[in-house]
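A short write-up of the structure that comes next.
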Amino acid sequence: MGRCPLAIDSNRLHRQVRAVYERVARDPASGFHFHTGAAYAVQRLGYDEAALAALPALCTDRFAGVGNPFRIGTIPAGSVVLDHACGAGMDLLLAARAVGPNGRAIGVDLTAAMRTCAISAAAQAGLLERVELHEGTFEDLPVADASVDILISNGVLNLAPDKPRVLSEVMRVLRPGGALYLGDVVVDRELAARARSNADLWAACIGGASTEAALLRFIADSGLGQVRVGERFESFAGTGIDRKFHGHLHAYGVNVRAVKPNFPKKQQPSA
């Protein structure tokens, strides 16, 4: 499954996803089909408790990732990091702290309320000088070619109707030798067409999720190399999704690292 199934209305899907995350931004404790918040990030995803306690609750309360990009690899001081679909900015601000005063952390998000939370949290954390926030989508990133050292993505590729296009944007913006630190939702079996065509399930991070093998193929087919699975996380344990599919489908989070080659693939000689 690469692109959105024909039975689903992509415009409706985008509206549904935006509505869900606007609600997360307004009221992160109101209950969703996925976990939110700092306690979840620490207990289930292995985030550093002290590092999250040092960030404003405005961003940590609204965290809704499924993996932990900061356990995939280091973020060097002075680097440029892009968090596509950055949400309220928890990962973005952790990256901003890591890059230091000579680096830059760029956030892109579709949802206005999330961007407002992220920029306010950056101000509260004293990190505005090294943080940029942009409106945009992961299919069309408002970032220059080959300008990013590390792209972090946490729980959002599954929301993309056209995953190859999103990954082609990752390739475009990464510098040669740059890395993708990806946390995303995977499922243990291919979903039925009916589930794939359900916008509510897409917005709940399940309808657009790939199997682990398919996710790795998408990444490799984009041209990224050294594709490697790290950790797996029980991101949905105890959620409405877990109860809905219990015994029929296992959805979980996975950390994946991939690298943009320093040199393009050799072209085959023309006949």
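The values are calculated or read from the model by the stated rules, or taken from the named source; none is laboratory data. Values in this document were obtained by computation on a predicted structure and should not be read as measured data. Note that we place each Cβ from the backbone using ideal geometry, even for glycine, and neighbour counts take in every protein chain shown.
Examine region 130-137 for a residue that is touching a Pro at 6+ places or on another chain (Cβ under 6 Å) and either closer than 22 Å to T74 by Cα or of a type outside the set (D, E, K, R) (or both), and state whether such a residue exists. Yes, there is a match, as at least one residue in region 130-137 is touching a Pro at 6+ places or on another chain (Cβ under 6 Å) and either closer than 22 Å to T74 by Cα or of a type outside the set (D, E, K, R) (or both).
In region 52-59, the count of residues that are out of contact with any Gly (no Cβ under 6 Å at 6 or more places or on another chain), in a helix (DSSP H, G or I) and surrounded by 20 or more Cβ atoms within 10 Å (Cβ to Cβ) is one or more.
Please determine whether any residue of region 246-257 is touching a helix residue (DSSP H, G or I) at 6+ places or on another chain (Cβ under 8 Å) and at pLDDT below 95. Checked against the condition, which is being touching a helix residue (DSSP H, G or I) at 6+ places or on another chain (Cβ under 8 Å) and at pLDDT below 95, region 246-257 yields at least one hit.
Considering A41, A29, the condition of being within 19 Å of E231 (Cα to Cα) and either modelled with pLDDT under 95 or not β-branched (V, I, T) (or both) is satisfied by A41 alone. Considering region 159-171, the residues that are of a type outside the set (A, V, I, L, M, F, W, C) and modelled with pLDDT of 90 or more include one that is surrounded by the most Cβ atoms within 10 Å (Cβ to Cβ), namely K163. Take the residues in region 207-242 that are outside any strand (DSSP E or B) and at positive phi, then tell me which one is surrounded by the most Cβ atoms within 10 Å (Cβ to Cβ). By that ranking, first place goes to G223.
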